[in-house]
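K.L.:
Before I ask anything, let me first share the structure, which is written out below as structure tokens.
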Amino acid sequence: MALVDTVYGPYSQQLIDNIREVIDVKKIDYVIANHAEVDHSGGLPLLMKHIPDATVVVSDKGKESIPKHYHEDWNFRTVKTGDSISLGRDSLVFVTAPMLHWPDSMFTYLTGRNVLMPNDAFGQHYASSARFNDEADMIEVYQESVKFYANILTPFSELVIKKIDEFKKLNIPVDIIAPSHGIIWRKDPMQIVNKYYEWASGGNDGSVVIIYDTMWNATEKMAFAIAEGLAKEGIRYRLANMAVSDRNDVITEIFKAKGILIGSPTLNNGLLPTIKPILEDLKGLRFRNKVGAAFGSYGWSGECVKLIEENLAKARIKILQEGIKFKWQPTADELLQCVEFGRRFAAAMKSQ
Ligand code: FEO
């Protein structure tokens, strides 16, 4: 008998209680640890106290990461792509999946039932009373799936494409994809694999996200005027005030969009603190095929635009035009310049 992945540590006892509703825990011979991150491996210490002789099955890299998390001398067995473990009638087959999304990540496939258990891949941070995709609200599921991809897998998009190509060449029948987060794909399970391929290919919906924060509303007035300019060119936009927006949601909108306009007042020769994390995210997530520009208001020193542009460059976002900044509150004429700024950005973006 095998268990594929555990749970986050605080839920270890609940996992064991749930297993006991189905089988005697002591019947488990193998615990497959597809990935060391603690939301999946955190249940190992308590579980292994019940089954100290069981084998913990890991990838090469999992053999490095899991012992360093738990410092326990469990029986480890290392597997690579194509290795299998017989469970009697059916077998478990392993496919290593480095960087989807950690070096240690791997997929486990159950023959006979044709169930792919890809750990984080194809999942969502989503809790629902529905267990399967044919029971769930698919608008919510896809929004959560793209959010998961945008925030976790974006930097590894090239590897996602390679892994999907490699997996499809194996020609393995897949009737169910059961990620370790969110709903289980039972109806047309390959739909999410194909969607990953599309997302990994770096497309966008041609829209713009205007990300800003404001101290005394000057930068916000500029953001609204720039939005008006985008609308004049027929470009769809979303406004995100970082003082009240969820960063993961904003990253998701950036992922879908083509353009990113970032605005901040200058504060203490720098940017408002709410703007800085999203700039760090942009650097780390390495979005492809995005274009951007900066704007902001200031009172004295006015570094805002320069700092935002430096960060856009570090994130390899192509700066389409020089940023725009105004001192104190923008005048009616300056707001018209912001409208024009948005219109020019939209026109330039269309020609990219
Ligand atoms: Fe990489 Fe769900 O943990």
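K.L.:
Those residues that are under 23 Å from A36 (Cβ atoms) and out of contact with any Phe, Trp or Tyr (no Cβ under 8 Å at 6 or more places or on another chain), I need them from segment 106-119; list them, please.
P.N.:
Within segment 106-119, L110 is the sole residue that qualifies.
K.L.:
Okay, moving on. Scan segment 340-351 and give yes if some residue there is outside any helix (DSSP H, G or I) and either at pLDDT below 95 or crowded, with 21+ Cβ neighbours inside 10 Å (or both), otherwise no.
P.N.:
Just the residues of segment 340-351 that are outside any helix (DSSP H, G or I), to begin with: 351.
Of the ones still in play, those that are also either at pLDDT below 95 or crowded, with 21+ Cβ neighbours inside 10 Å (or both) are 351.
Scanning segment 340-351 turns up at least one residue that is outside any helix (DSSP H, G or I) and either at pLDDT below 95 or crowded, with 21+ Cβ neighbours inside 10 Å (or both).
K.L.:
What pairs come out if I take residues in segment 260-277 that are within 15 Å of W300 (Cβ to Cβ) and pair them with residues that are assigned to a strand (DSSP E or B) and of a type in the set (A, V, I, L, M, F, W, C) whose C-beta lies under 6 Å away, six or more apart or interchain?
P.N.:
Final answer for the pair search is S264/L271.
K.L.:
Taking D137, is it of a type in the set (D, E), open to solvent by 40 Å² or more (accessible area, probe 1.4 Å), on the phi < 0 side of the Ramachandran plot and touching a Phe, Trp or Tyr at 6+ places or on another chain (Cβ under 7 Å)?
P.N.:
Values: of a type in the set (D, E): yes; open to solvent by 40 Å² or more (accessible area, probe 1.4 Å): yes; on the phi < 0 side of the Ramachandran plot: yes; touching a Phe, Trp or Tyr at 6+ places or on another chain (Cβ under 7 Å): no.
Judged against the criteria, D137 is not a match.
K.L.:
OK, next. Of all residues in segment 218-246 being crowded, with 16+ Cβ neighbours inside 10 Å and of a type in the set (K, R), which is nearest to F341 (Cα to Cα)?
P.N.:
K221
K.L.:
Scan segment 117-134 for residues that are away from the ligand (no atom under 16 Å from the Cβ) and open to solvent by less than 40 Å² (accessible area, probe 1.4 Å) and jot them down.
P.N.:
Of the residues in segment 117-134, the ones away from the ligand (no atom under 16 Å from the Cβ) are 128-134.
A130, N133 - these are the residues of segment 117-134 that are away from the ligand (no atom under 16 Å from the Cβ) and open to solvent by less than 40 Å² (accessible area, probe 1.4 Å).
K.L.:
If you don't mind, another one. For E72, all conditions in the list (1) part of a loop (DSSP other than H, G, I, E, B); (2) acidic (D, E); (3) within 16 Å of the ligand (Cβ to nearest atom) hold save one; what is the number of the exception?
P.N.:
So E72 meets the others, but not (3).
K.L.:
OK, next. Can you tell me which of V95, V79, V31 is more than 16 Å from the ligand (Cβ to nearest atom), open to solvent by less than 30 Å² (accessible area, probe 1.4 Å), touching a residue at least 60 places away in the same chain (Cβ under 8 Å) and within 29 Å of the chain's Cα centre (by Cα)? Even if it seems obvious, please write down each step before you answer.
P.N.:
Details: V79 fails: touching a residue at least 60 places away in the same chain (Cβ under 8 Å); V31 fails: touching a residue at least 60 places away in the same chain (Cβ under 8 Å).
Just a single option satisfies the conditions, and that option is V95.
K.L.:
Of all residues in segment 101-111, which are within 11 Å of the ligand (Cβ to nearest atom) and open to solvent by 10 Å² or more (accessible area, probe 1.4 Å)? Even if it seems obvious, please write down each step before you answer.
P.N.:
Here is the first cut: in segment 101-111, the residues within 11 Å of the ligand (Cβ to nearest atom) are 101-102, 104-105.
Scanning segment 101-111 gives H101, W102.
K.L.:
Continuing with the same structure: Being in contact (Cβ under 8 Å) with a residue 60 or more places away in the chain and either part of a helix (DSSP H, G or I) or among the aliphatic types (A, V, I, L, M) (or both) is the filter here; which residues of segment 287-303 pass it? Before the answer, list the steps.
P.N.:
Residues of segment 287-303 that are in contact (Cβ under 8 Å) with a residue 60 or more places away in the chain, as a first pass: 287-291, 295-297.
Of everything in segment 287-303, just one residue is in contact (Cβ under 8 Å) with a residue 60 or more places away in the chain and either part of a helix (DSSP H, G or I) or among the aliphatic types (A, V, I, L, M) (or both), namely V291.
The values are calculated or read from the model by the stated rules, or taken from the named source; none is laboratory data. Predicted model only: the values in this text are computed from it and were never measured. Neighbour counts run over all protein chains shown; Cβ positions are idealised from the backbone, glycine included. Please note that ligands, DNA and RNA were not included when accessible areas were found on the heavy atoms of the full protein model with its side chains. Shrake-Rupley method; radii C 1.70, N 1.55, O 1.52, S 1.80 Å.
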